[in-house]
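The values are calculated or read from the model by the stated rules, or taken from the named source; none is laboratory data. Remember, predicted model here, so these are calculated numbers, not experimental data. FYI the Cβ positions are ideal-geometry reconstructions off the backbone, even for glycines, and counts take in every protein chain you see. Ligands, DNA and RNA are stripped out before the accessible areas are found, and what is left, the full protein with its side chains, is counted by its heavy atoms. Shrake-Rupley method; radii C 1.70, N 1.55, O 1.52, S 1.80 Å.
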Amino acid sequence: MSSIIWFDKQGDIINWESQCLPIGNGYLGASMFGGVRRERIVLNEKSLWAGGPCKNRPDYRGGNKRERYKYVAEVQNLLAEGDYESAVKLLPELTGDGDFGAYQLLCDAVFDFDIPDGEPDDYIRKLDLDKSLYSCEFTLGGVRYLREAFASYPDRVIAFRFSCGEKISFTLKLEKTHPSRIFAEDDTLVYNGTVEDNGMRFDARFKVVTDGGLEISAEGISVHDSSETVIYFTAATDYEMKYPTYRSGIDPETITVPIINKAVEKGWEQLYNTHYADYCALYDRVTLKINDELADLPADKLLDAYRNGSRTAMNRLETLYFQYGRYLLISSSRDGALPANLQGVWNESNTPPWCCDYHINVNLQMNYWGAYNTNLAETAIPLIDFLDSLREPGRVTAAEYYNIVSNESNPENGWTAHTQCSPFGWTAPGWEFYWGWSTAAVAWLMQNIWEHYEFMGDIKTLRERIFPIMRESVRFYTQWLRYDGKQDRLVSTPTYSPEHGPVTVGNTYEQSLIEQLFIDFLAASRELSEDGELQNRVREMLPKLKPYHVGKTGLLKEWFEEDEPDFDHSQVQKNHRHLSHLMGLYPGKRITAAIPEAMNAAIMSMNDRGDESTGWARAHRLNLWARTGDGERSYKLLRGLLGDCTFDNLWDFHPPFQIDGNFGGSAGIAEMLLQSHERVIRVLPAVPSEWQSGAFTGLCARGGFVVDAEWENGAVTSLSVTSKNGGECTVTFPITNGVKALKLSLGENGGGSWKRED
Ligand code: FUC
């Protein structure tokens, strides 16, 4: 069944986050509503940001205050002495300040179509995920209207086509623009300006090819009596992901002009063919079918039916949501552009929630949870590039806040970042300690990039791109950890469990993330035959981290001190959205059924926190439950995520719209179908009884294996495992009532397949 998100009525153009349908190519985004007479298209260029260094802000330092390490040391000493009250007084010193900036809207393109009054018939607007094509079609006064759009990554352009059975007229005006010049250049409307806050330059072009009359002026575009008009759109800025100026010095029009000319030369058909080939090369790698998926309803009605428990709607929405996550990742994260932000690439505001930034206490990590297991490794390259770019500013933060200094005799000696990052190398803590301090956030991100090697086995990328970033992060943590006599372990201190709880010493979040980084770093070193002082140091420190402890209640402790009499329970929130102490279960690999005490304590903690939460927090819970192997509970979380935290356009909400929940949800569905974190490939490890039968192709396992499977009545009926790099793997999967292990040996670059015979 094809994967199409569709509506039988126009979207409300005011209600962007729930009504629009998005297209994008990593650099650019457009979101449409399907308005019949008035259409609003929200346009974005991913690097268009306020904030950062500029003429008016010559002293910009990525938020870093100076010599904060002195206060940090004092806080550490006070905490070690048990003087929490005095330590807390100093926490405002452990913050950053300055202009963080925000992701900007490029502009709204508002179309007014001169078409007769009346209700349209046979209205349909849709986003076809299989074709990566948006369209809106209707009949009015006996005339059929068709509007289409796609965003091409190879040609870096978005194309809009307006066709109808008769000749019509329409206008296009740009609204919510930045300070700019808007003018005609032959058949092109040029929107050339700057972001007021920082002088970032941009150039956007709308080139019109029409069979009708055309007028372009500062007012916008006016098309008369046309039965077909194509508008080619592109935009670029002078942003460059390079410390310390973050400007390329290149006129953006030198990028946009050749792009737009080439696009027109190619024309709609050829552009689309190039786009389709590029898109399918990623998207088509994975298919998913669950039961019969009968319902084919408009998205809002599909959601209603889903909430009401309609069987046919359920599996349909689940597979659609799964593929939508993949579509959104392909559309918002491509090599050469910045990574997907809190809203991917789509944004209607100059003051978006959380600045639409790169939050790294869960959100950016979650954006990429599905990148590898759903076979989209290429989409995660921007994350590697971005983290690499944070190393230089991150060294300033390491020096000012941690006294970990890189210099000529000690280069690349350690980098760090905190809760929120910007494209301008903001790596300092936030302007309040309680949400802004997050020393282990980078350790967490190292899991994301290590996955590249785990899944792809690409030694060159590991050696040249990933390992240097990891190694410098490891250097940072080895110098940061200190021995705590009371706790008898090496600790990160002070720590604050993301957005939750009192300041403590060595909370589970930080200890467990640093532990996982050390483990992964040693594994990476083995692959590269790197062994030296740093590896020795890590081997020595690793067993002293002791992250996991079970409390009096039997729950896994979030704070080491939580059973102590003077622990401040007033800050503990029972149903808090973050499950920061369970990093070892997911996305980490430390808590498994092989350590039942830890697994049981983790499960008790999850039960204690409850299943209801915000969008991304449900997606995290879904992945966590999938790791426990509990299919029914995972399914309950999935149903909650889709039923309670999803807008009509299938965007996840926190609220507001936050794309991490879409990505985490998609990753979670894959995690229910296939797991590989324990050196064993588990097929259908957490499938609910509701998913009686189904089939998937192309899901990826660590070690470079690609798995296709079919199942019926919960038992695998067909299984194929293909190795990308050669090697052996062990596969387990359910056969009738139980799980049996089957070993497949796969040759060099070879593959294997197995068909169950009854
Ligand atoms: C994290 C969360 C918030 C929000 C923000 C963008 O800090 O705790 O809920 O999602 O990121």
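Is it the case that the stretch 405-415 has a residue that's more than 14 Å from the ligand (Cβ to nearest atom), among the aromatic types (Phe, Trp, Tyr) and farther than 30 Å from Gly668 by Cβ? Looking for residues that are more than 14 Å from the ligand (Cβ to nearest atom), among the aromatic types (Phe, Trp, Tyr) and farther than 30 Å from Gly668 by Cβ, one finds at least one in the stretch 405-415, hence yes.
Does Ala594 satisfy being assigned to a loop (DSSP other than H, G, I, E, B), away from the ligand (no atom under 16 Å from the Cβ) and open to solvent by 10 Å² or more (accessible area, probe 1.4 Å)?
Working: assigned to a loop (DSSP other than H, G, I, E, B): yes; away from the ligand (no atom under 16 Å from the Cβ): yes; open to solvent by 10 Å² or more (accessible area, probe 1.4 Å): yes.
Judged against the criteria, Ala594 is a match.
It is to be established whether one or more residues within the stretch 317-338 are touching a Lys or Arg at 6+ places or on another chain (Cβ under 6 Å) and more than 16 Å from the ligand (Cβ to nearest atom). Yes, the conditions are met somewhere in the stretch 317-338.
Checking each residue in the stretch 65-99 for being in a loop (DSSP other than H, G, I, E, B) and open to solvent by 10 Å² or more (accessible area, probe 1.4 Å) picks out Lys65, Arg66, Glu67, Arg68, Glu81, Gly82, Asp83, Asp97, Gly98, Asp99.
Determine, yes or no, whether Tyr153 is touching a residue at least 24 places away in the same chain (Cβ under 8 Å) and open to solvent by less than 20 Å² (accessible area, probe 1.4 Å). Even if it seems obvious, please write down each step before you answer.
Details: touching a residue at least 24 places away in the same chain (Cβ under 8 Å): yes; open to solvent by less than 20 Å² (accessible area, probe 1.4 Å): no.
No; evaluated as a whole, the condition is false for this residue.
Within the stretch 202-257, being closer than 26 Å to Phe113 by Cα and not in a strand (DSSP E or B) holds for Asp211, Gly212, Ala218, Glu219. Exactly one residue out of Ser497, Ser529, Ser512 is part of a loop (DSSP other than H, G, I, E, B) and within 30 Å of the chain's Cα centre (by Cα): that is Ser497.
Determine, yes or no, whether Trp616 is out of contact with any Leu (no Cβ under 8 Å at 6 or more places or on another chain), of a type in the set (A, V, I, L, M, F, W, C) and within 16 Å of the ligand (Cβ to nearest atom). Give the derivation first.
Values: out of contact with any Leu (no Cβ under 8 Å at 6 or more places or on another chain): yes; of a type in the set (A, V, I, L, M, F, W, C): yes; within 16 Å of the ligand (Cβ to nearest atom): yes.
Answer is yes for this residue.
Taken over the stretch 341-386, the residue count meeting the criterion of being closer than 16 Å to Pro423 by Cα, within 13 Å of the ligand (Cβ to nearest atom) and part of a loop (DSSP other than H, G, I, E, B) is 5.
Among the numbered conditions (1) within 16 Å of the ligand (Cβ to nearest atom); (2) open to solvent by less than 20 Å² (accessible area, probe 1.4 Å), the only one that Leu517 does not meet is (1).
Is it true that Asp284 is of a type outside the set (Gly, Ala, Ser) and loosely packed, with under 15 Cβ neighbours inside 10 Å? Even if it seems obvious, please write down each step before you answer.
Working: of a type outside the set (Gly, Ala, Ser): yes; loosely packed, with under 15 Cβ neighbours inside 10 Å: yes.
Here the answer is yes, as Asp284 does meet what is asked.
Which numbered condition in (1) open to solvent by 50 Å² or more (accessible area, probe 1.4 Å); (2) assigned to a strand (DSSP E or B) is the only one that Ser163 fails? Here Ser163 clears every test but (1). No other residue among Arg38, Arg61, Arg66 is in contact (Cβ under 8 Å) with a residue 60 or more places away in the chain and under 31 Å from the mean Cα position of the chain (by Cα) apart from Arg61.
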